[in-house]
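All of the numbers you see were taken from the coordinates with simple rules; none came from a lab. Because the structure is predicted, anything quoted here is derived from the model rather than measured. Cβ coordinates were reconstructed from backbone atoms using ideal geometry, including for glycine residues, and neighbour counts include every protein chain displayed.
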Amino acid sequence: GQNIDQPTEMTATEGAIVQINCTYQTSGFNGLFWYQQHAGEAPTFLSYNVLDGLEEKGRFSSFLSRSKGYSYLLLKELQMKDSASYLCAVRDLDTDKLIFGTGTRLQVFP
Amino acid sequence: EAGVTQSPTHLIKTRGQQATLRCSPISGHTSVYWYQQALGLGLQFLLWYDEGEERNRGNFPPRFSGRQFPNYSSELNVNALELEDSALYLCASSLEVSGADTQYFGPGTRLTVL
């Protein structure tokens, strides 16, 4: 079966660091994506991981462990504009479909 | 470079009617994907078109259908609308079909079924 799990909601303070976890179970794995979605807007691409390890892109980093079926998105120096939903998505190797989690709604407080 | 565009922005229909949603991919992208995002739920994969052909579809009834035109734009048709079809419908496009290709999303069409 296919299953993507993320926490539903998280809160953090401006300037802090937050880690959003994602665990997945798919019949075949061909990459993991993180998207940011502000309320009422389209998801925007943040990162892509296909090999184990950490990918850093400015204030955002994404980590993948394929053996554990686990990824996290790390947001540093949080800003108010980072308040959004963060979607974890896994590409299934067998079907080529992108399977999305329900998203983690992050609220950043001053 | 223009992004993915969708029309209309909002659509209000009544139960039993038919809805047509349109999507234009990023120039040069040949793959188009449709997703449904109902309130409180994650993105649910609907349909995937590439080079004019349907490549895959999600677990949706046949009244959800679509097509891709020679210019790679796409239409999603929903027949016999039901109340639970009310959702944000997102279109995404990608450059090519491979594990590494990134899907870029349009702003969506919010469909309300009354």
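Debye-formula intensities of chain B, expressed as log10 I(q)/I(0) at q = 0.11 Å⁻¹, are -0.31 (one equal scatterer per alpha-carbon, no solvent).
Starting from the exponent 0.38 and prefactor 2.2 Å, build the expected Rg for the range A:60-110 from its residue count and divide its actual Cα Rg by it. Ratio of Cα Rg to 2.2 N^0.38 Å: 1.37. If R0 equals 22 Å, the separation of the Cβ atoms of residue A:55 and residue B:51 corresponds to a calculated FRET efficiency of about 0.15. When each of the peptides B:41-47, A:59-65, B:2-8 is scored by how many other beta carbons lie within 10 Å of its residues on average, the order from highest to lowest is B:41-47, A:59-65, B:2-8.
Available extension along the chain between residue A:79 and residue A:27 is 15.0 nm, counting 0.36 nm per residue and deducting the alpha carbon span. The residues packed around residue B:53, meaning those with a beta-carbon under 14 Å from its beta-carbon, carry a net charge of -1 if Lys and Arg are +1 and Asp and Glu are -1. Residue by residue along A:99-106, Cβ atoms of other protein chains within 10 Å of the local Cβ number 3 on average.
Normalized C-alpha radius of gyration of chain A, against 2.2 N^0.38 Å? Ratio of Rg to 2.2 N^0.38 Å for chain A: 1.02. Spin-label model, residue A:16 to residue B:67: label points 7 Å out along the Cα-to-beta-carbon direction sit 5.3 nm apart.
Calculated on C-alpha atoms, the gyration radius of the protein assembly as shown divided by its Kirkwood radius gives an Rg/Rh of 0.97. Neighbouring Cβ atoms from other chains, within 10 Å of the Cβ of residues in B:37-45, number 5 on average. For a paramagnetic label modelled on residue A:9 (point 7 Å from Cα along Cα→Cβ), amide N atoms under 14 Å away belong, within the range A:68-110, to A:84-85, A:104-109. Spin-label model, residue B:2 to residue B:20: label points 7 Å out along the Cα-to-beta-carbon direction sit 1.9 nm apart.
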